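Chemist: One structure coming up, written as structure tokens, with questions to follow.
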Amino acid sequence: MEKLSVGRILKPQGIRGELKIKVYLDSAEDFKGIRRVFVDGAEYAVMNVRGQGETAYVVLKGVADRNSAELLRDKELIALREDCPEPPDGRYYIGDLIGLRVVNVSGDVIGEVVSVTPAKTDIYTISTRSGEVSFAAAEGVILGVDISAGTITVDKKRFKEVSV
């Protein structure tokens with residue numbers, strides 16, 4: 001069973017145990033299809049979701065008041081991959097990108113993806129022979145992603161412009 005991090009609990013919302021969630025999916029609307037999540041290994045049924053942009057307000061079974069919700073502050077929400085919606089074409093779950101080789105158009109290996117930080121422009125961190133390098137997935141940097149081949153192809157010039 002493959003698991004995916006689908007969000008982070010920001011804080012309690014109100015007094016009835018509702019949680020404000022920073023959603024790692026494309027939108028809070030995508031969260032509505034998830035019926036169960038795990039927090040620190042404990043399983044919770046998702047009772048209600050209302051979305052607003054990148055934020056979801058979620059009610060979990062067993063989290064009945066603000067005090068219970070407060071105990072979950074800053075925790076990751078994990079879902080089973082089978083419970084998550086399939087991303088649209090050209091979009092990927094972060095878990096699918098970790099471990100992929102980053103190559104240029106000539107096929108030269110630059111490094112391997114070790115993390116992706118979600119942001120307006122995602123930040124990829126790769127492990128190279130000379131250490132870790134981070135780059136923004138700005139327009140024109142990533143030319144293609146091939147999950148089955150295990151590669152992310154980047155434009156060499158744009159990659160050098162945005163990497164640190």
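Chemist: Looking only at region 147-163, decide whether some residue is out of contact with any strand residue (DSSP E or B) (no Cβ under 9 Å at 6 or more places or on another chain), of a type in the set (S, T, N, Q) and over 25 Å from Leu25 (Cβ atoms).
Modeler: Looking through region 147-163, none of the residues is out of contact with any strand residue (DSSP E or B) (no Cβ under 9 Å at 6 or more places or on another chain), of a type in the set (S, T, N, Q) and over 25 Å from Leu25 (Cβ atoms).
Chemist: Now for a different question. What about Val145, is it out of contact with any Cys (no Cβ under 6 Å at 6 or more places or on another chain), part of a strand (DSSP E or B) and under 28 Å from Gly53 (Cβ atoms)? Steps first, answer last, please.
Modeler: Working: out of contact with any Cys (no Cβ under 6 Å at 6 or more places or on another chain): yes; part of a strand (DSSP E or B): yes; under 28 Å from Gly53 (Cβ atoms): yes.
In short, yes.
Chemist: Going by the structure shown, is Ser68 more than 19 Å from the chain's Cα centre (by Cα) and farther than 26 Å from Lys32 by Cβ? Give the derivation first.
Modeler: On the way: more than 19 Å from the chain's Cα centre (by Cα): yes; farther than 26 Å from Lys32 by Cβ: no.
No, not satisfied.
Chemist: What is the residue count in region 136-160 for residues that are among the acidic types (Asp, Glu) and modelled with pLDDT of 90 or more?
Modeler: So in region 136-160, the residues among the acidic types (Asp, Glu) come out as 139, 146, 155.
So of that shortlist, the ones also modelled with pLDDT of 90 or more come out as 146, 155.
Matching residues across region 136-160 total 2.
Chemist: Across region 118-131, which residue is modelled with the lowest pLDDT among those that are within 20 Å of the chain's Cα centre (by Cα) and either β-branched (Val, Ile, Thr) or more than 27 Å from Val23 (Cβ to Cβ) (or both)? Write out each step before concluding.
Modeler: From region 118-131, those within 20 Å of the chain's Cα centre (by Cα) are 118-127; that's our starting set.
Adding the requirement that they be either β-branched (Val, Ile, Thr) or more than 27 Å from Val23 (Cβ to Cβ) (or both) leaves 121, 123, 125-127.
Working: Thr121: 86, Ile123: 92, Thr125: 96, Ile126: 96, Ser127: 94.
That would be Thr121.
Chemist: Here's a follow-up. Identify, by number, the condition in (1) at pLDDT 85 or above; (2) closer than 29 Å to Ser127 by Cβ; (3) surrounded by 15 or more Cβ atoms within 10 Å (Cβ to Cβ) that Ile98 doesn't meet.
Modeler: Going through the list (1) at pLDDT 85 or above; (2) closer than 29 Å to Ser127 by Cβ; (3) surrounded by 15 or more Cβ atoms within 10 Å (Cβ to Cβ), Ile98 breaks only (3).
Chemist: Do we find a residue being at pLDDT below 95, under 25 Å from Glu29 (Cα atoms), out of contact with any Ser or Thr (no Cβ under 7 Å at 6 or more places or on another chain) and exposed (fewer than 12 other Cβ atoms within 10 Å of the Cβ) anywhere in region 101-116?
Modeler: Taking every residue of region 101-116 in turn, none turns out to be at pLDDT below 95, under 25 Å from Glu29 (Cα atoms), out of contact with any Ser or Thr (no Cβ under 7 Å at 6 or more places or on another chain) and exposed (fewer than 12 other Cβ atoms within 10 Å of the Cβ).
Chemist: Give me the residue from region 22-42 that is touching a helix residue (DSSP H, G or I) at 6+ places or on another chain (Cβ under 9 Å) and in a loop (DSSP other than H, G, I, E, B) and, out of that set, surrounded by the most Cβ atoms within 10 Å (Cβ to Cβ). Let's see the steps before the verdict.
Modeler: The initial filter retains those residues of region 22-42 that are touching a helix residue (DSSP H, G or I) at 6+ places or on another chain (Cβ under 9 Å), namely 23-25, 33-37.
Add one more test, that the residue is in a loop (DSSP other than H, G, I, E, B), and what stays is 24-25, 33-35.
On the way: Tyr24: 19, Leu25: 24, Gly33: 13, Ile34: 21, Arg35: 12.
Here the residue is Leu25.
Let's see how each residue does on (1) touching a Leu at 6+ places or on another chain (Cβ under 6 Å); (2) part of a loop (DSSP other than H, G, I, E, B); (3) at pLDDT 95 or above:
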site: Lys20; (1), (2), (3): yes, no, yes
site: Tyr44; (1), (2), (3): yes, no, yes
site: Gly51; (1), (2), (3): no, no, no
site: Val58; (1), (2), (3): yes, no, yes
site: Arg73; (1), (2), (3): no, yes, yes
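Chemist: Applying the selection to region 133-164, what residues are surrounded by 14 or more Cβ atoms within 10 Å (Cβ to Cβ), in contact (Cβ under 8 Å) with a residue 40 or more places away in the chain and either in contact with a helix residue (DSSP H, G or I) (Cβ under 7 Å, 6 or more places away or on another chain) or within 20 Å of Thr117 (Cβ to Cβ) (or both)?
Modeler: Val145, Ile152, Val154, Phe159
Chemist: Within region 8-21, can you find the residues that are surrounded by 18 or more Cβ atoms within 10 Å (Cβ to Cβ) and either at positive phi or not assigned by TED's automatic domain parsing to the domain that holds Met47 (or both)?
Modeler: Within region 8-21, just Gly17 meets the criteria.
The values are calculated or read from the model by the stated rules, or taken from the named source; none is laboratory data. For clarity, every value in this text was computed on a predicted model and none was experimentally measured. For neighbour counting, all protein chains shown are included, and Cβ atoms are generated from backbone atoms with ideal geometry for every residue, glycine included.
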